[in-house]
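In what follows, a single structure is set out as structure tokens and then discussed.
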Amino acid sequence: MKTTVDLPESLLRQAKHKALQNNTSLRALMISGLKKELASPMKTVGDPIEQIRNAGKELWRGIKADRYVPELRKNWK
């Protein structure tokens, strides 16, 4: 199957050089690299909600939201 891949010029240059050094084609080099990447264990992301559940927690330390929000709303126009 054919596809188009947009690569940074420097990366393409390095890949062509590596393929030449290994006496192989750019296509074979890319297939080999993809196979290696796909064979490595997948990084589990987990539940995105769990990742952000405590984000910013330290920013709110010592602040009571039930008091802060009404005070903040007083300044709304």
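Considering region 19-51, and only residues there that are under 28 Å from LYS2 (Cα atoms) and among the polar types (S, T, N, Q), the residue that is most open to solvent (accessible area, probe 1.4 Å) turns out to be ASN23. When ASN54 is tested against the conditions (1) assigned to a helix (DSSP H, G or I); (2) surrounded by fewer than 10 Cβ atoms within 10 Å (Cβ to Cβ), the lone failure is (1).
Can you confirm whether LYS36 is basic (Lys, Arg), in a helix (DSSP H, G or I) and without any contact (Cβ under 8 Å) to a residue 60 or more places away in the chain? When the stated conditions are applied, LYS36 passes them.
The values are calculated or read from the model by the stated rules, or taken from the named source; none is laboratory data. Keep in mind that what you see is a predicted model, and the values were worked out from it rather than measured. Cβ coordinates were reconstructed from backbone atoms using ideal geometry, including for glycine residues, and neighbour counts include every protein chain displayed. For accessibility, only protein heavy atoms count, side chains too; no ligands or nucleic acids. Shrake-Rupley method; radii C 1.70, N 1.55, O 1.52, S 1.80 Å.
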